[in-house]
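None of the figures in this text is laboratory data; all of them are computed from the coordinates on show. Since we're looking at a predicted model, the values are computed, not measured. Glycine also receives a Cβ, built like all others from the backbone with ideal geometry; neighbour counts cover every protein chain displayed.
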Amino acid sequence: MSERDIAGNLTAIQQKINQVAERAGRNPDDITLVAVSKTKPTADILEAIEAGQLHFGENRMQELESKMKETDMPDVVWHFIGNLQTNKIKYIADRVNWIHSVEKAKYLKEIDKRAGNANRVVTALIQVNISGEKQKGGCAPEDLAEILKAAQNYEHVQVRGLMGMAAFVEDPEQVRPEFKLLKELFDSHQQYNGGSVNLKHLSMGMTNDMEVAIQEGATMVRIGSAIFGERNYG
Ligand SMILES: *Cc1c(COP(=O)(O)O)cnc(C)c1O
């Protein structure tokens, strides 16, 4: 994969998704490729859009805010995947479509309020800490039920699934148990569906561990460096 051939990289990743899904007996159409454009210039996003990519992910709220404005295309679907800060949710709530990184009930309340002000509905995923590493975000598995219960009565934010980040390891086989854990939590928490909660999606898998994540049930993969090239930071 060459650093600068964004269209070619997108095609290669999509082919890989199709292949892995089919081998796992899954329908590739059930897996959404979210192109993670963090730290990369808006020109790269435009190039990817030109190549047919519609879903983009960013992990800093102000960076997402400015890229949403600079891109200004109604068909583009924006995903926030980084650490939330309550006082910054207002900057993205009038345009962001998905927020993958809700780890506390208080964020749902703020998203509901700000999306409501903008007359919109934002889709949220609850991030669960599946690697057990302190530096990774996400709620503890045992706190998930409580967050889902608190999520049921909102009008402007709807919870549609779970997100997890595996540990960074060289051999992705090592993190299979982490993805299995997220899938198990997803299955065992279906009982909390009701009102604005309906668990349908599993956001898991990045450049290094995408294949294992798809085998374990991912419906959204978040891919950055394999599309846009290596990052210097972020
Ligand atoms: C950066 C990032 C990604 C993409 O990582 P790559 O290894 O470049 O594919 C996915 N998810 C989250 C939450 C990220 O911060």
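Dipole magnitude of the chain about its Cα centre, charges +1 at Lys/Arg Cβ and -1 at Asp/Glu Cβ only, in debye to the nearest 20?
It works out to roughly 740 debye.
For the chain, build the charge dipole from Cβ charges (+1 Lys, Arg; -1 Asp, Glu) around the Cα centre, then report which of Ala48, Ala140, Val169 sits farthest towards its positive end.
About the Cα centre, the residue reaching furthest to the positive side is Ala140.
What nm value, rounded to one decimal, do you get for the distance between Asp143 and Lys69 when each label is placed 7 Å out toward the C-beta?
Label-label distance for Asp143 and Lys69, simple model: 3.3 nm.
Please list, by residue number, every one of the chymotrypsin sites (Phe, Trp or Tyr not before Pro) in segment 161-219 that is coil in DSSP and has at most 14 other beta-carbon atoms within 10 Å.
When the chymotrypsin sites (Phe, Trp or Tyr not before Pro) of segment 161-219 are filtered for loop state and at most 14 Cβ neighbours within 10 Å, Phe168 remain.
Would you mind checking the radius of gyration and Dmax of segment 67-151 based on alpha-carbon positions, in Å?
Using the Cα atoms of segment 67-151, the pair Rg, Dmax is 13.4, 40 Å.
For the chain, modelled as a GNM with alpha-carbon contacts under 10 angstrom, which of Gly57, Gly194, Gly82 fluctuates the most?
Among Gly57, Gly194, Gly82, the largest GNM mean-square fluctuation belongs to Gly194.
Taking 0.36 nm per residue of separation and subtracting the Cα-Cα distance, what length does fully extending Lys136 through Asp5 add?
44.1 nm
Quick one: which of Lys106/Lys180; Lys69/Lys183; Lys38/Lys109 span more than 31 angstrom between C-alpha atoms?
Lys69/Lys183
Divide by every residue of the chain the summed helix terms, -39500 (n - 2.57) for each DSSP H run of at least 4, and state the resulting mean residue ellipticity at 222 nm, rounded to the nearest 500 deg cm²/dmol.
-10500 deg cm²/dmol
Using only the Cα atoms, what convex hull volume per residue in Å³ does the chain have?
Per-residue hull volume (Cα only) is 119 Å³.
Please state the relative contact order of segment 1-141 as a whole percent: Cα pairs under 8 Å, 6+ residues apart?
So the answer I get is 15 percent.
How many nm is it between the label spots at Asp30 and Val169, if each spot is 7 Å from the Cα in line with the beta carbon?
Computed distance between label sites Asp30 and Val169 equals 2.5 nm.
Which order, highest average first, do 67-75, 126-134 follow once you tally other Cβ atoms within 10 Å for each residue and take the mean per peptide?
Going from most to least packed, we get 126-134, 67-75.
Can you give me the Cα centroid spacing of segment 25-85 and segment 199-221 in angstrom?
Here the two parts' Cα centres lie 17 Å apart.
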